[in-house]
Amino acid sequence: MSTMGFFRILFLLLQFSALGVSCQETAEDFLSLGDTALSQDENAKAIPYYQEGIKRIDPEEDSLLIILSLHTNHGSALSSIGKDQEAAEQYQHALTHYANEIDDIVEESFKRDATEIAAQASFFLGMVYQDLKQFHDAVEAYSYAHVLDPNHWASVANLAAVYHDSLSAHQKALAAYQTAYEILTDTQRTPTDAPEEPRYILSQLQYRIGLCISHDLSPNKKCAMDNDPDTPVSCKELATNAFARALEYDPDNEPSKHMLATITADATMSRASNTYIKSLFDDYAENFEHSLVQELGYTGYERLRRVFDRAFQPEDPPMFQKVVDAGCGTGLVGEQFRNVSKHLIGVDLSEAIIVEAQKARPNLYDEVRVGDVTEVFRAEAPLSMIVAADSYIYFGDLDPLFGSMKDGLASGGYAAFTLENVSQDSEESLTESKPDWRWQLTASGRFAHRKEYVMEVGKRHNLHVKHYEPLHGFRYERGEAVRGHAFIMVKGEDGHDEL
């Protein structure tokens, strides 16, 4: 989801004048000129018209509708060319005029039109505040838009997105998503600017409701239905219902498929779909590194490099001619391996996160690729080394992945990667009930693997363990240290490829 909110709705506000301009142009005349330019996507041209119209406002002659429209449409024109701070000021001017004058208006239809414009101004103000990362201000703006227009479903959907994505206020997000869903499904209500094909929006809302509920699925956690708040029910059951309902609206909703499989422990699921991973990191891109490192205490990227160095002791690691950073994200692990890589290629499914990598570390990669790592390995063969920190956790069955690594690596080529392990308690339970377990889909939506299984798959594909170390606490999940593995594998001789 972009920072502009959960659902961006772009439209022009009501225009309250004809296109003719008299010899003595008024504020209303310049509003018409600006609106005409805006309707033709000539946004920069519209701005001076609105500015002149605002200068010519005569409080004795010009109606509140004209004043609100000038400021609000001026804000929209400014926002469209990236001037969000100036746009916010115009939306605020509109809302100030509304607050100061609305109580003096007697005619109901006039008051209704003014309130409609003010609600849109507050909605747009929330969107620019999101762009400016002023999240608490965005909350106030979206909330006020909903107060002014209780049927404005997009304002509460965006409010929920801010709560969930930016403020980690999952309970508040849940309530707001449910309100948006109710507005769109209540046959007694007329949603403001209802979507032409609501089932896709409803699917996304149910998916998001499921995410809010599944944020904490600890065994003792209980939830309740809105219509029966005194009766505790399983949060897992409610989350399952939400994801299942999302798929009823849109059977192709890949993130919902993944989360439904996650919380129902679908043993048939062998890897996360590319669509799910791309969606996850496209939405996550701008906050990815801060969230991973600062909020989750992630250290896997630097610890993988230390494990790698220990694999070569007492010597220093050699220089590798052609290296792929698989699932490169913003370049955290690529940066660790840059000094042993003559030619470094960053690969990720998410184009948005590749863009963030190039912003954060503009000279890190010699090349970048957007695509499936298994395809890139083969396309870029022969490779000297593959590095992957926290990337293979979206694969359950490792056979296809290791097969592609074998095909991509030159003889004697290296693979350095991390994987997750289950908790100590889960490992003891699995070892007792199913000693040959291979992988486990965890509540986080990521896969955890048994060390021996990883080594067996590697051996089948001529990838042999040079060095192994357990990783404990390389990231944290709900305050608990996550266990993991660091593997350094080398491909055996099976041809005449050179490093």
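The values are calculated or read from the model by the stated rules, or taken from the named source; none is laboratory data. Keep in mind that what you see is a predicted model, and the values were worked out from it rather than measured. We place every Cβ from the backbone using ideal geometry, glycine too, and count neighbours over all the protein chains shown.
If you take just the helices (runs of 4 or more DSSP H) that sit entirely in segment 228-284, which of them hold at least 3 residues that are crowded, with 19+ Cβ neighbours inside 10 Å and at pLDDT 75 or above? Reasoning before the result, please.
On the way: elements: 235-249, 254-263, 274-284.
Counting at least 3 such residues, we get 235-249, 254-263.
Is there a residue being in the same structural domain as residue 51 (by TED's automatic domain parsing), closer than 23 Å to residue 44 by Cβ and surrounded by fewer than 19 Cβ atoms within 10 Å (Cβ to Cβ) anywhere in segment 95-108?
No, that holds for no residue.
Please give the strands (runs of 3 or more DSSP E) falling wholly within segment 394-485 in which 1 or more residues are within 29 Å of the chain's Cα centre (by Cα) and exposed (fewer than 14 other Cβ atoms within 10 Å of the Cβ).
Values: elements: 409-420, 439-441, 447-449, 463-477.
In segment 394-485, 463-477 are the strands (runs of 3 or more DSSP E) which contain 1 or more residues that are within 29 Å of the chain's Cα centre (by Cα) and exposed (fewer than 14 other Cβ atoms within 10 Å of the Cβ).
Can you name the number of the only condition in (1) of a type outside the set (Lys, Arg); (2) in a helix (DSSP H, G or I); (3) without any contact (Cβ under 8 Å) to a residue 60 or more places away in the chain that residue 315 fails?
(2)
State which residue is modelled with the lowest pLDDT when the search covers only segment 338-362 and only residues that are within 18 Å of residue 379 (Cα to Cα) and under 27 Å from the mean Cα position of the chain (by Cα).
349
Scan segment 174-187 and tell me whether some residue there is in a helix (DSSP H, G or I) and either outside the structural domain of residue 58 (by TED's automatic domain parsing) or among the basic types (Lys, Arg) (or both).
No, every residue in segment 174-187 fails to be in a helix (DSSP H, G or I) and either outside the structural domain of residue 58 (by TED's automatic domain parsing) or among the basic types (Lys, Arg) (or both).
Only residues that are among the basic types (Lys, Arg) and within 20 Å of residue 477 (Cα to Cα): list them for segment 193-217, please.
Matches in segment 193-217: 208 only.
Confirm whether residue 224 is surrounded by fewer than 19 Cβ atoms within 10 Å (Cβ to Cβ), modelled with pLDDT under 70 and touching a strand residue (DSSP E or B) at 6+ places or on another chain (Cβ under 8 Å).
no
If residue 390 meets every condition in (1) part of a helix (DSSP H, G or I); (2) at positive phi apart from one, which number is that one?
Exception for residue 390: condition (1).
Taking residue 329 as the residue in question, decide whether it is on the phi > 0 side of the Ramachandran plot, surrounded by fewer than 21 Cβ atoms within 10 Å (Cβ to Cβ) and either at pLDDT below 95 or among the basic types (Lys, Arg) (or both).
Values: on the phi > 0 side of the Ramachandran plot: yes; surrounded by fewer than 21 Cβ atoms within 10 Å (Cβ to Cβ): no; either at pLDDT below 95 or among the basic types (Lys, Arg) (or both): yes.
Against the criterion (on the phi > 0 side of the Ramachandran plot, surrounded by fewer than 21 Cβ atoms within 10 Å (Cβ to Cβ) and either at pLDDT below 95 or among the basic types (Lys, Arg) (or both)), residue 329 does not qualify.
Answer yes or no as to whether residue 323 is part of a strand (DSSP E or B) and buried (at least 23 other Cβ atoms within 10 Å of the Cβ). Steps first, answer last, please.
Working: part of a strand (DSSP E or B): yes; buried (at least 23 other Cβ atoms within 10 Å of the Cβ): yes.
The answer is yes for residue 323.
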